[in-house]
Structures are given as structure tokens and as C-alpha cells.
Amino acid sequence: MDGFDALFGARRSPRIRRCWSLFFLLSVLFHNYMSSLLDCPPTCTCSPTEIYCNKSDNSKFFPLLSFQVTGSAGNSTGSIEDLYQNITSIHIENWTGLQTLRDVDMELYTGLQRLTITRSNLHMIQTRVFSKNPYLRYIHLEEAVFSCGCEIRWLQLWQQRGEAGLSNQQLYCVDGYKKILLLDMNISSCDLPEISVSHSNLTVVEGDRITAICNGSGSPLPEVDWPVSGLHSINAQEARVYDNNTIHSINITLVNVSRDDNNFLLTCTATNIVGMTNASIQLTVHFPPTIVKLKEPERRHDTCIEFTVQGSPHPTLRWFYKDKEITHNEYVRPDMEIYQDYIEGCLNFKNPTHHNNGNYTLVAINYLGVANSTVYGHFLDKPFDVTPTAETHKPEEDTFGVSIAVGLAGFACVMLVVLFLLINKYGRRSKFGMKGPVAVISGEEDSASPLHHVNHGIISSCTLDAGADAVVIGMTRIPVIENPQYFRHGHNCNKPTTYVQHIKRRDIILKRELGEGAFGKVFLAECYNLSPSKDKMLVAVKVLAHGPDAMILVDGQPLQTNGELGLSQMLHIASQIAAGMIYLASQHFVHRDLATRNCLVGNGLLVKIGDFGMSRDIYSTDYYRVGGHTMLPIRWMPPESIMYRKFTTESDVWSFGVILWEIFTYGKQPWFQLANNERLVKMTACPSRRISVALNTSSGTTNTIGYIYAR
């Protein structure tokens, strides 16, 4: 299949080719139609870019293209101008009647680059004839004989400067009855005008009145003018001639100068038959600052509060947060660029949290004034309250409502006392026959004490062989079955591994959101007083509907990457995941969602297995809703788990094989070429030969994870 077929498909190629052919034909017909509107002179041949006239003609006028009259001619003005502009070359030969080249002959051909006129009786070219031909770079005038005089002086200057390729041509003029080279022509009192202006730069304050003067001199005496196209300020001009008609002076007065004229270039021109000269004044307008734009925070590479400030001279910018000036650092810094009298940029925030929420005020100052504007910045919702909220004043209630409230409170107290007595009386009899360790949960939310074992109300550090179990909440004992993963049989009773540490909420400071799962959000946070050797550590906090649940990151440091992983590094990562799964299998745990998205990677490529439940947010496509109910990661699941909801340590082995595919394809989604429903009916083997270490892991579940790790 060729490139065209690959792009459009083999079946559609003939149809697409016919469409392109029809489009090309219509383009040619339209171009021919527009070209037919132009009548080429009878002794010339014309193309879309060239007019070539090499036949004898006694016409006295330069060949202009004429137009046929059509019913839609009035609607094709723009297209006709384009056709003139497309002419880049004009060649005229043997036109004996052509004597004068005028500016009206050339002004339509604004795209002209080459002009040739030979074997004609051309003897006069007007001074400003090429003023509308900015791209003209070559003029061929061989055998043209001009009349010597001031009217042709401009062409002599062009030839002296080598403009338009004239320096190597033999141009002549007739002085009386004598034919001489144009370069040898000597005409007195015929030169380019001289010009001067009163200022090179003018600095004014907005609303002021200023006057500038322009003087033009020379022979012949030039005309002087201030072209004011694009000027916003009110202006008036006054001209006069003095010093025995040798100086032509013109004044321009600007009234109520506008800030829109800041950086405007005021230009004065002096023109005579020889040519034109000019001089300019740079106008600078000072005005107080204004804040043109201040937007709410927007998430980009960093979070940005975008702003635009206008002022001349450029104002100094200061930022304030909660009435204090912001000190620029690596987390909060301005980034701006200057364009003329505008300052545009962002106040950038690196990983902002809810602590950065609040009002941000921008203050712009120059010597003419001060401008300020405030915007509210909301970066992150506060996940939970750390400090108690202040009591709010409630309106007084009537006596009847207070009586009802007191009565209900008293009834509730009586019921709590009865419930306490019942639990205290019957809880000690081990009515439910539960045996094993028990835990004490402190009633204080900020308690830092670990969970301890209790045996019949006597607190000890290890009671693995205790009798009836209960959880003591305050003064209440409730029979429960303890999670065996908290207290391992065979552990040393004096080691810290025999308890689960409780972390104070005030020791957790959220930094930024990492993702969102089916049961809450995951945040990056700093945790204090977690390790005896470190002041603080980075942790991942899963915030549920009832509060945070923390998992420790590797060594309390963020991951630093150094380019693409090599084969040995990928095998190192895979072996660590296998070692972690061996441990889970030895404790009779089935993970059920083993994938790279649930693995944390730290410095030194240290890998730890977690489960963040990221079934929403950026990993939503990794899960598929089966039967309209359960969200399952079917791309990581073996057939028996998909069809029969059977999860074992062997099904984790299958998922480990898929993890190997993810690692060695640099994070591609498994079976990315298939939709989720197609994956249900089509199983493919691990595609890369580089993953032979998997030992057919993803084609069956006969190998154990320990066997694979050993290989």
C-alpha cells in the first residue's frame, strides 16, 4: 500500500483521487476564467506573472491590461487587484511610440520585480514613477536616450548608487545637439532636498501640548509635509517660506496628546523634482499605570495568575497576599515580558495547596500614579479541618424549644447510662466466644499512643495467647475479632512491629493533589514525627469520606529521573515487584489490582507496592464496568477472574506478567489496540521477546511468583 492508500484507505482511494482531480480541474477553470477577464494588448503575450511585448507597435502609452465586462465584474475587484499584483515581469520591445513613462502606468503593478524597455523612443521617466513598486530590483533601459535636465537627475543618482542594476548599463541623454553619457551630465541647482527637524526625541505627559518644526531646503525648493496617518492626537500644521525662498518650514502642533501615540514615529518629508528625503522624531508619551487584566488562577505547567499592566514609564510591580508583600522564591515567582508600554506575564505557583487560597493584590507604581487590583485565588479545597472552628452566635430560642431540648438531652443521657451498664455486665462473659488479641483505641483524636493488647482488662505489650477479646473505646468494651495482620505470631513482644502507630492529623500537611480514586482523593503530604531519624517525610495520603489514610513514600524524598530506563534497571524494578508479591502471597493476601499505577518508585529505583484505587481520574480507561456494576481492571486479569470472579495468588501472577509488559514497553496500556469489550473475547500473549524472564506468566497461571522471582 502506498502513502496515499495508507492515509485514506485502499477502498476510498479511487473516490478520493476523483475528488482531488475535480478540485484541480475547478481550480484551473477558475484561474482561466479570471485570466480571461484581462485583455492582453494585441502585440503582447500574457501569463499570470508576465507581460511580454516584442512586436512592433506605435502606441504612445504603456501596455495596461484591460478587463472584459461581465455581469459579476463588480464583485471581483479584490481578485482583479490580485491579478495585477501577481505580475512580476514586464518586457517591452520595438514600441516606437512609447516616449514617457508615468507614475499612473506603474502604480497597479505593486508586485513588479523586473522591467525591460528596449528599442523604443523613451526619453522621459517621471520622478516618482516607481514609488508604488517596492519589490522592483532590476530595470533594463538599454538604447534609451533621455533629455538632459533636472527632470532626469534622479535617474543619474540611481545609476551612481548602483540601484536596480543600472550601474553597468550605457544610458545616454541629449544636451542640446550633443549625445552624452547620463553619468557625465552636469546640471547646476538640481539636487536632492535637505531636511532637518527640531527634535530627535520628544517626551511629553499625556494631555500636554507640543510643537515640532521641520525645515526643508534645496534647489529646486522642496515641498515639506508631516504625514500623520495613524496618529491619534489632535494636530494642526502651519507652513511658510523664508530666507529668500530657500527654506520651506512647516510646524506641527499636537493638542491633548494621547497615550495611544506612545512610541509613534513622527516623520517629515521634503520632496522636489529630484527626489524625496525625510527625517523623524520619536514621540514618547508618559501616563499613569493601569491594570488592564488580572485573571483568576489557571492551571498550566505551573499555576498562573495572568496579568497585563500598561504604563509609561514602565511601572514597578508588587504583589501582596493577606496584606503582606510576597517574597519571591522557588514556589511563588513572577514571570513577565515587556512589549512597548505593556507588561504581560504571570504570578506562577509551584504545587499550590489550600494554604495558598486567598486574595492576591497587584500594585503598579510609576511617578505619575498608582494602580491596584485584587483577585481571589482558589487552588485546592481544604480536605479536613485541623483546628476547631470558632463558635457562631445563635439567636435566642423560645422557652418551649429550650425545654424540649433539655428533656431530649436528659433522656439520651439515661439511655447511655443503661447501655453502659449492659455492656459492662455482659461484655466480660465472652458471650460470642471470641479469642485472640484485643486493642485499645484511645478516645482522644490526637492520641499518639500505639495500639496495645489487652487481656481481661489488664494492659500488656503482648498478649498473643489471651482469652476473650474486646476493643476498649473510652470506658466501653466491645467484643471484636482483631485483624491478624496487625499482630504477627512469633514476633518479639518488645519490638515496635507489634503495634500500628497512630498519626496525629496536625502532623500532616498536604502539598498537592496526586489523583482521585473510587473512595477518595490521594494527596502528596509532609508528615512530621513519623521517623525517629528524620524530622519530616513525604507521604501519600488517601483522603476518604471519614478522614485520611497515609502510606509512606520511599525515604521521604520525591523520585528523580535520569532519562530512559535501561534493561538492567527494568529488570531491577520487576524483581522488586516480584519480591513484594512473594511477601503478600506468604501472608495469604491477594492484591487483585496489581499494576504499575499502584507501585510507588523512589530514589535508587526502590519500588513499593500500594493500592490507591485509581478507578477514576487519569486511570479511568484502565477499568471497565462489567455488567453495569463492578469496575474491573480487565486488561490485567486472567480469564477465570473475569468470567468467574475468582481471585487467587495465581491470578496475581498473571497480573505480574502484564506488569512486565508495561515496564518493557515504557508504560503502554496493555492491549492498547483493543477496546475493553474486545479484550474480553480476545487474549493475546506478551508481545516482547525481551520479557522472556516472565516464563510464560501471561499465558497461564501454573507458575508461582516465588518460582518466577527465583528464575
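The values are calculated or read from the model by the stated rules, or taken from the named source; none is laboratory data. From a predicted model like this one, the values you see are computed outputs, not experimental measurements. FYI the Cβ positions are ideal-geometry reconstructions off the backbone, even for glycines, and counts take in every protein chain you see.
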Output yes when any residue across region 225-247 is buried (at least 19 other Cβ atoms within 10 Å of the Cβ), in contact with a Pro (Cβ under 9 Å, 6 or more places away or on another chain) and either of a type in the set (Gly, Ala, Ser) or part of a strand (DSSP E or B) (or both), and no when none is. no
Would you confirm whether any residue within region 236-245 is closer than 30 Å to SER188 by Cβ and touching a helix residue (DSSP H, G or I) at 6+ places or on another chain (Cβ under 8 Å)? no
Might you let me know whether region 199-212 holds any residue that is assigned by TED's automatic domain parsing to the domain that holds THR271, surrounded by 15 or more Cβ atoms within 10 Å (Cβ to Cβ), in contact (Cβ under 8 Å) with a residue 12 or more places away in the chain and among the small types (Gly, Ala, Ser)? yes
Neighbours by Cβ (under 7 Å, 6+ apart or cross-chain): first from region 125-141, surrounded by 15 or more Cβ atoms within 10 Å (Cβ to Cβ); second at pLDDT below 85: GLN126/ASP103; ARG128/ASP103; VAL129/ASP103
Wholly enclosed strands (runs of 3 or more DSSP E) of region 578-665 bearing at least 1 residues at pLDDT 90 or above and touching a Cys at 6+ places or on another chain (Cβ under 9 Å): 607-609
Criterion: surrounded by fewer than 16 Cβ atoms within 10 Å (Cβ to Cβ) and at pLDDT 95 or above - qualifying residue of THR327, THR374, THR308, THR361: THR374
Any chance you could count how many residues in region 597-609 are out of contact with any strand residue (DSSP E or B) (no Cβ under 8 Å at 6 or more places or on another chain) and surrounded by 17 or more Cβ atoms within 10 Å (Cβ to Cβ)? 1
On the given criteria, is ASP103 closer than 16 Å to LEU155 by Cβ and out of contact with any strand residue (DSSP E or B) (no Cβ under 7 Å at 6 or more places or on another chain)? yes
Is there a residue in region 349-357 that is out of contact with any His (no Cβ under 7 Å at 6 or more places or on another chain) and either farther than 30 Å from LEU524 by Cβ or among the hydrophobic types (A, V, I, L, M, F, W, C) (or both)? yes
When you look at SER233, is it within 30 Å of VAL129 (Cβ to Cβ) and either of a type outside the set (A, V, I, L, M, F, W, C) or without any contact (Cβ under 8 Å) to a residue 40 or more places away in the chain (or both), yes or no? no
